[in-house]
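Throughout, read-outs are computed from the coordinates displayed, never taken from laboratory work. Here the structure is a predicted model, which means the values were calculated and not measured. Glycine also receives a Cβ, built like all others from the backbone with ideal geometry; neighbour counts cover every protein chain displayed.
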Amino acid sequence: MVLPASLRHLLFSLFLFPALCFAGHECKIIGISDGDTITALCADNQQVKVRLAEIDAPEKAQPFGERSKQSLSDLCFDREAEINPLTTDRYGRTVARVHCEGADANAEQLRRGMAWVYDKYVTDRSLYNTQDEARVARRGLWADENPIPPWEWRHFSKLRKIAN
């Protein structure tokens, strides 16, 4: 079903409005779901699920999945963070650049070798340099001989479920 442009704009605005309510404001990080998803407590005690923009961390069952989650927790959990929303994803999460006590969490996950640049959504091309430095230094997931990007892992997981 194709929605008229005016209705699409209205729906997009309704999804993005909550994100804009706390744009650039300080929030406290109260939960870490995985290596690229956090829960923040923002203005008026509003809980917001935030997906770190432009990166993709290993899935929990994937090699380095738990380490990536722990890395993000070490960086952000129970800390103040500035959340700069970019959009809302199909799951209703706010997609944002996040700074935890001044540290760019998105870039730091790459620097630590705990995530990939998400080619499909990247706009900050400098993130590739950060990822390349981690790869050359064999930090984190780059210590593996042939690390599998999460988007490929998810694709293969879907194929395995279909085959079973």
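Please report the net charge: other residues with Cβ closer than 14 Å to the Cβ of Ala43, K and R +1, D and E -1. Computed value for this residue: -3.
The charge dipole of the chain, taken about its Cα centre with unit charges on the Cβ of Lys, Arg, Asp and Glu (plus for the first two, minus for the last two), comes to roughly 640 debye. Assuming a ≥ b ≥ c are the square roots of the Cα gyration tensor eigenvalues, decide whether segment 124-164 counts as rounded (a/c under 1.5), prolate (otherwise, with a/b larger than b/c) or oblate. Since a/c reaches 1.5 but b/c is at least a/b, the shape of segment 124-164 is classed as oblate. Antiparallel beta bridges, as assigned by DSSP with both residues in the chain, represent about 90 percent of the total such bridges. Other residues lying with their Cβ under 9 Å from the Cβ of Arg97 contribute a combined charge of -4, Lys and Arg counting +1, Asp and Glu -1. Note on Lys60 and Ala143: the extension gain reaches 28.1 nm, defined as 0.36 nm multiplied by sequence separation minus the Cα-Cα distance.
Helical runs (DSSP H, four residues minimum) scored at -39500 (n - 2.57) apiece and divided by the length of the chain put the mean residue ellipticity at 222 nm at -12000 deg cm²/dmol. FRET efficiency for Glu152 and Asp74, Cβ-Cβ distance as r, R0 = 25 Å, nearest 0.05? With R0 = 25 Å, the Cβ-Cβ based efficiency is 0.40. Tally Lys and Arg at +1 and Asp and Glu at -1 over the other residues with C-beta under 15 Å from the C-beta of Lys28: what net charge comes out? So the environment of Lys28 carries a net charge of -4.
Where in the chain lies the longest segment free of trypsin sites (Lys or Arg not before Pro) that are both loop residues by DSSP (not H, G, I, E, B) and have at most 11 other Cβ atoms within 10 Å? Longest stretch, sites excluded: 1-89. Sites listed here are chymotrypsin sites (Phe, Trp or Tyr not before Pro) in segment 62-130 whose DSSP assignment is loop and whose Cβ has at most 13 other Cβ atoms within 10 Å: Tyr91.
Checking every one of the GluC sites (Glu not before Pro) in segment 117-153 against DSSP loop status and a limit of 10 other Cβ atoms within 10 Å picks out Glu145. What residue among Pro58, Ala115, Cys42 has its Cα farthest toward the positive end of the dipole of the chain, where the charges are +1 on Lys, Arg and -1 on Asp, Glu, each on the Cβ? Highest projection toward the positive end goes to Pro58.
Under 20 °C and 1.002 mPa s, how fast does the chain diffuse according to Stokes-Einstein, given a Kirkwood radius computed over C-alpha pairs? Answer in µm²/s, whole number.
Estimated diffusion coefficient is 129 µm²/s.
Within straight-line reach of Lys120, meaning a Cα separation under 19 Å, sit the following aspartates and glutamates at least 8 residues removed in sequence or on another chain: Asp36, Glu54, Asp56, Glu59, Asp89, Asp132, Glu152.
In segment 5-163, taking the dipole from charged Cβ atoms about the Cα centre, the farthest positive-side position among Leu159, Cys27, Ala137 is held by Leu159. Among Ile83, Pro147, Ala96, flag the residue with its Cα farthest along the positive direction of the charge dipole of the chain, charges on Cβ as +1 for Lys/Arg and -1 for Asp/Glu. Going by the Cα projections, it comes out as Pro147.
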